[in-house]
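This report refers to the structure that appears directly beneath it.
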Amino acid sequence: MSAQPAETPSEPSAETPDSARASLEALRSEIAKAVVGQDPAVTGLVVALLCRGHVLLEGVPGVAKTLLVRALAASLELDTKRVQFTPDLMPSDVTGSLVYDSRTSEFSFQPGPVFTNLLLADEINRTPPKTQSSLLEAMEERQVTVDGVPRLLPDPFLVAATQNPVEYEGTYPLPEAQLDRFLLKLTVPLPGRQDEIDVLTRHAEGFNPRDLKAAGVRPVAGPADLEAARSAVAKTSVSPEITGYVVDICRATRESPSLTLGVSPRGATALLSTARAWAWLTGRDYVIPDDVKALALPTLRHRIQLRPEAEMEGVTADSVITAVLAHVPVPR
């Protein structure tokens, strides 16, 4: 009897920009099967994936911040891990550590949960700054250094962190240096009345947020889609007028009397990147001023610092950025 030839896995077909865009649109639809009425936050997560950036989700408890990230993970063919940040969490619990092996009488590196594609850092402001800062190198350099040896993280790598508003007890506000490492800060508001009715209706019909497979959430995009999409975003053209517009917006924040800290050049670079991603998602290969305006709030709101007297008068980061957008001349 002749031997049967061994089966070889078929090569994945090359993704095109159009098919990648369709996959990411499907990603948004899949997340909507589990999360009701948070379209801006879903869009922000997709933009962050395209820009290789990290996302900070802020909202009061119970508005589906964790569920949103879990639904994103379930919709992607990517490895994902979750860390619940608590006051007693140590940096090595996130990054990994050297462990002594009695059989070999040697130390070996035990990777922490940060070695994944999508890390859900749940309630990141519940842990002290020492542990919060353990993510700084991972987020910026996409590597972890333990005992002087750098260890690269997988690609893609995205940190999606959730936090409760800082006025709640038992929280540690993130330092400015770490806030600046997040590409976007997305606010997750309380749902409207009809959205809340839809949430309760789903639960009454048997929806279990801990079982997303039963809710029909399935992987619809993977690394090949992301790579094709990122390549297309990198080719999205930006005119000198748009570049100047981004710079003028960021420089205007530095001159605002309501702020002690305006947007840095890193923030300007981030705004340009997110505007390009949004332009590509909407089907264009060039950026227009509306793309910049659409991403200005989530990209810049965590990169500015209000004066105490402005806060006492009810001024918010969003209101300052909105005022800047209204005053900076828009290129024609």
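The values are calculated or read from the model by the stated rules, or taken from the named source; none is laboratory data. Quick caveat: nothing in here was measured; it's all calculated off a predicted structure. In this analysis, Cβ positions are derived from the backbone assuming ideal geometry, glycine residues included, and neighbour counts consider all displayed protein chains. For the accessible areas, the whole protein counts, side chains as well, though only heavy atoms, and no ligand, DNA or RNA atoms are used. Shrake-Rupley method; radii C 1.70, N 1.55, O 1.52, S 1.80 Å.
Kindly check whether there is at least one residue in the range 295-307 that is modelled with pLDDT of 95 or more, within 24 Å of Pro17 (Cα to Cα), not basic (Lys, Arg) and not in a loop (DSSP other than H, G, I, E, B).
Among the residues of the range 295-307, at least one is modelled with pLDDT of 95 or more, within 24 Å of Pro17 (Cα to Cα), not basic (Lys, Arg) and not in a loop (DSSP other than H, G, I, E, B), which makes the answer yes.
Would you pick out the residues in the range 14-63 that are of a type in the set (D, E, K, R) and either at pLDDT 85 or above or assigned to a helix (DSSP H, G or I) (or both)?
Asp18, Arg21, Glu25, Arg28, Glu30, Lys33, Asp39, Arg52, Glu58
Being open to solvent by 50 Å² or more (accessible area, probe 1.4 Å) and hydrophobic (A, V, I, L, M, F, W, C) is the filter here, so list the residues in the range 107-135 that pass it.
Phe107
Of the residues Arg303, Arg307, only one is over 22 Å from Ala229 (Cα atoms), surrounded by 22 or more Cβ atoms within 10 Å (Cβ to Cβ) and among the basic types (Lys, Arg); which?
Answer to the check: Arg303.
Return the residues of the range 107-124 that are assigned to a strand (DSSP E or B) and acidic (Asp, Glu); say none if nothing qualifies.
Asp122
For the subset of the range 89-106 comprising residues that are part of a loop (DSSP other than H, G, I, E, B) and under 26 Å from the mean Cα position of the chain (by Cα), which member is surrounded by the most Cβ atoms within 10 Å (Cβ to Cβ)?
Applying the filter and picking the extreme gives Leu89.
Among the residues of the range 64-75, which ones are open to solvent by less than 10 Å² (accessible area, probe 1.4 Å) and either under 10 Å from Leu120 (Cα atoms) or in contact with a Pro (Cβ under 8 Å, 6 or more places away or on another chain) (or both)?
Val69, Ser75
For the range 76-85, which positions are over 14 Å from Leu212 (Cβ atoms) and either at pLDDT below 90 or open to solvent by less than 30 Å² (accessible area, probe 1.4 Å) (or both)?
Of everything in the range 76-85, those that are over 14 Å from Leu212 (Cβ atoms) and either at pLDDT below 90 or open to solvent by less than 30 Å² (accessible area, probe 1.4 Å) (or both) turn out to be Glu77, Leu78, Asp79, Val83, Phe85.
Would you please list the contacts, defined by Cβ atoms under 8 Å and residues six or more apart or on different chains, that run from a residue in the range 146-159 that is among the aliphatic types (A, V, I, L, M) to a residue that is open to solvent by 20 Å² or more (accessible area, probe 1.4 Å) and assigned to a strand (DSSP E or B)?
Here the result reads Val146/Ser97; Val146/Leu98; Val146/Phe109; Val149/Phe109; Leu152/Gln143; Leu153/Gln143, each pair linking the range 146-159 to a residue that is open to solvent by 20 Å² or more (accessible area, probe 1.4 Å) and assigned to a strand (DSSP E or B).
Restricting attention to the range 277-309, which residues are among the aliphatic types (A, V, I, L, M) and over 21 Å from the mean Cα position of the chain (by Cα)?
Within the range 277-309, Val287, Ile288, Leu306 meet the criteria.
Test Leu281 against the criterion of being closer than 13 Å to Cys51 by Cβ, among the aliphatic types (A, V, I, L, M) and at pLDDT below 95, and give yes or no.
Yes, satisfied.
Please find, among Arg181, Arg126, Arg193, the residue that is without any contact (Cβ under 8 Å) to a residue 40 or more places away in the chain and closer than 20 Å to Gly59 by Cα.
Exactly one residue qualifies, and that residue is Arg193.
For the range 166-281, list the helices (runs of 4 or more DSSP H) that sit wholly inside it and hold at least 1 residues that are open to solvent by less than 70 Å² (accessible area, probe 1.4 Å), over 28 Å from Leu24 (Cα atoms) and not aromatic (Phe, Trp, Tyr); which are they?
176-179, 240-254
Can you report the number of residues in the range 46-58 which are open to solvent by less than 10 Å² (accessible area, probe 1.4 Å) and in contact with a strand residue (DSSP E or B) (Cβ under 6 Å, 6 or more places away or on another chain)?
Total satisfying the criteria: 5.
Under 7 Å between Cβ atoms, at least 6 apart or on separate chains: pull out the pairs that start in the range 77-88 with a residue that is closer than 12 Å to Ala161 by Cβ and end on any residue that is of a type in the set (Lys, Arg).
Phe85/Arg126
Considering Leu261, Leu300, which residue is closer than 17 Å to Leu183 by Cβ and of a type in the set (A, V, I, L, M)?
Leu300
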